[in-house]
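A short reminder: the numbers here are calculations on the coordinates, not readings from a lab. Note that the structure is predicted; figures quoted are calculated from it, not measured. Backbone-built Cβ (ideal geometry, glycine too); neighbour counts: all protein chains shown.
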Amino acid sequence: MRTTIFFLALIALGVALQKGIIEIPRQWAPWAPLHIDDPITPVTKLKLQRLNGDRQACLAALDTVPEAELNVTPVADYSPTESCPLTNIVRMSSSSVRFNRSFVATCPLALAWVMFERHELQPAAARIMGSRVAQVDHVGSFACRNIYHRQNARRSEHATAEALDVTGFRFENGQRITLINDWNDEGEAGEFLRAARDGACKSFGNVIGPDYNAAHADHFHLGMRSFGLCR
Ligand SMILES: [Zn+2]
């Protein structure tokens, strides 16, 4: 009896959702397309991961960003090296920030970056540093290798261009912050880096930095896989 009531309630809820009697804001609705301007919610990661299998929808989401704020070029699937074919990729040249150099990224990685930058990174920069981030320094997104270069480990997210390693930030007012020098800083620089890490955790599947291990003492690894590793 109780089970029947439960299922009837579930069906009623389903019908109400479908008919639009109950409305879920689109950033909370797993089936609604991702919009860059929507606030980040726990459902955002789910949407980003799903776009891995839907290039058209992913490029369409990137396309909603004004051209002046995002310079991204779609790149056809190719294999830089035989054992690491790349699919659903773009080349990211600039966004609201410059990069020390352009990089290849899966389309969802580029999208996760843009959401992070808009909703977390730039607001944290303005709040804590009193200046916007002008340049992001990184040491690459693609490397055809296993995790930690170990022979028997699984493939790194870098083997599929699903992660970016960020080493530092330069601000419009000329300030410069690096992970290696400033992670343990007790002033604004350290506060900004920790806010950037925590903010990144909202759109990337995993974020690992200096608190995780010595291999990450000088960079944030911002990756698309999994749903919550954040250290
Ligand atoms: Zn990495």
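Observations on the structure shown:
- For Arg225, distant residues with modelled amide H under 5 Å away: Gly205, Asn206
- Rough spin-label spacing in nm, given labels placed 7 Å along Cα→Cβ, for Asp185 and Arg225: 3.3 nm
- For a straight C-alpha distance cut-off of 23 angstrom, the lysines reachable from Lys202 (same-chain residues fewer than eight places away being disregarded) are Lys45, Lys47.
- Centroid-to-centroid separation of segment 158-198 and segment 22-58 [C-alpha atoms, Å]: 27 Å
- Semi-axes of the equivalent ellipsoid for the chain, Cα gyration tensor, largest first, Å: 32, 22, 19
- For the pair Arg50 and Arg155, the difference between a 0.36 nm per residue extended length and the Cα-Cα distance amounts to 35.8 nm.
- Exposure rule at most 13 other beta-carbon atoms within 10 Å, DSSP loop chymotrypsin sites (Phe, Trp or Tyr not before Pro): the chain longest free segment: 32-226
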